[in-house]
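Encoded as structure tokens, the structure appears first; notes follow it.
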């Protein structure tokens with residue numbers, strides 16, 4: 001029995017040593033890919049999106065195009081239909097989209113740079129590494145959301161980010177979220193480019209303005225195109 005305990009101890013310490021050796025490698029790859037994404041933090045992108053949502057049994061779908069090179073108020077446009085073809089709820093949703101002038105910020109995970117210090121490596125294979133950590137936000141109570149990051153080690157990019165609630169919380173005084181989850185899927189970088197968001201989906205339930213709600217949504221992004229900033233006017237020749 002004493003020999004068995006020794007073998008168990010040796011196995012435990014060997015496994016711990018391997019985990020310690022593996023963690024810096026996966027952590028370094030993650031830090032490198034987030035650093036690369038941060039270099040694209042100020043980049044602007046045009047994109048198309050298929051948006052679908054359901055709230056309390058009512059479905060809504062839109063296909064939209066966003067182009068940051070256009071003037072404010074004209075950056076969002078409808079694909080396939082005109083605004084006259086939309087239902088009342090679709091028109092209301094479209095107007096909400098029009099208020100957002102930097103939605104392309106969500107295409108790049110450059111903000112993960114602020115989260116790296118709190119992430120813990122929980123699983124690793126030759127292909128992927130999985131990290132878990134808290135979502136820290138000044139707009140949310142402490143320790144209510146948990147983030148899981150799946151790193152594609154071979155290609156050097158984050159392929160999925162999942163966020164889930166750990167307990168009910170109030171994002172604002174008139175609303176309470178009982179539970180929520182969200183998943184974001186990214187595509188591998190193209191050449192020297194950056195990994196970009198390809199799909200997002202989420203679900204939540206709770207109460208808002210004293211009324212219960214359940215909601216889920218899906219977005220699929222396509223025809224993503226980087227928009228270069230306009231060139232500065234050439235200086236007047238003397």
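The values are calculated or read from the model by the stated rules, or taken from the named source; none is laboratory data. Treat the numbers as computed from the prediction; the structure is a model and nothing was measured. Cβ coordinates were reconstructed from backbone atoms using ideal geometry, including for glycine residues, and neighbour counts include every protein chain displayed.
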Is at least one residue of the range 129-149 farther than 19 Å from residue 182 by Cβ and touching a helix residue (DSSP H, G or I) at 6+ places or on another chain (Cβ under 6 Å)?
yes
Kindly indicate whether residue 42 is under 30 Å from residue 228 (Cβ atoms), surrounded by 10 or more Cβ atoms within 10 Å (Cβ to Cβ) and at pLDDT 95 or above.
no
Could you please find all residues in the range 70-106 being in contact with a strand residue (DSSP E or B) (Cβ under 8 Å, 6 or more places away or on another chain), assigned to a helix (DSSP H, G or I) and over 30 Å from residue 131 (Cα atoms)?
89, 90, 93, 94, 97, 98
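Of all residues in the range 137-169, how many are in contact (Cβ under 8 Å) with a residue 40 or more places away in the chain and more than 24 Å from residue 201 (Cβ to Cβ)?
2
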Collect the residues in the range 98-136 that are touching a residue at least 60 places away in the same chain (Cβ under 8 Å) and farther than 21 Å from residue 201 by Cα, keeping them in residue-number order.
113, 116, 119, 121, 124, 129
I want to confirm something. Restricting to the range 62-96 and keeping residues that are touching a helix residue (DSSP H, G or I) at 6+ places or on another chain (Cβ under 8 Å) and within 28 Å of residue 212 (Cα to Cα), which single residue is surrounded by the fewest Cβ atoms within 10 Å (Cβ to Cβ)?
91
Can you name every residue in the range 107-132 that is in contact with a strand residue (DSSP E or B) (Cβ under 6 Å, 6 or more places away or on another chain), assigned to a helix (DSSP H, G or I) and within 17 Å of residue 197 (Cα to Cα)?
107
Check on residue 64, closer than 21 Å to residue 46 by Cβ, modelled with pLDDT of 95 or more, in contact with a strand residue (DSSP E or B) (Cβ under 9 Å, 6 or more places away or on another chain) and assigned to a strand (DSSP E or B)
yes
Restricting attention to the range 142-163, which residues are farther than 21 Å from residue 34 by Cα and crowded, with 16+ Cβ neighbours inside 10 Å?
144
If you check 207, 166, 178, which single one turns out to be loosely packed, with under 13 Cβ neighbours inside 10 Å and touching a strand residue (DSSP E or B) at 6+ places or on another chain (Cβ under 7 Å)?
166
Test residue 171 against the stated conditions and say whether it is outside any strand (DSSP E or B) and either touching a strand residue (DSSP E or B) at 6+ places or on another chain (Cβ under 8 Å) or surrounded by 15 or more Cβ atoms within 10 Å (Cβ to Cβ) (or both).
no
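Please count how many residues of the range 133-142 are outside any strand (DSSP E or B) and within 19 Å of residue 185 (Cα to Cα).
1
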Just one listed residue, out of 77, 69, is over 27 Å from residue 161 (Cβ atoms) and touching a residue at least 40 places away in the same chain (Cβ under 8 Å), and it is 69
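Taking the conditions exactly as written (at pLDDT below 95 and surrounded by 15 or more Cβ atoms within 10 Å (Cβ to Cβ)), does residue 230 satisfy them or not?
no
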Of all residues being over 23 Å from residue 179 (Cα atoms) and surrounded by 15 or more Cβ atoms within 10 Å (Cβ to Cβ) in the range 113-128, which is modelled with the lowest pLDDT? Just the residue, please.
116
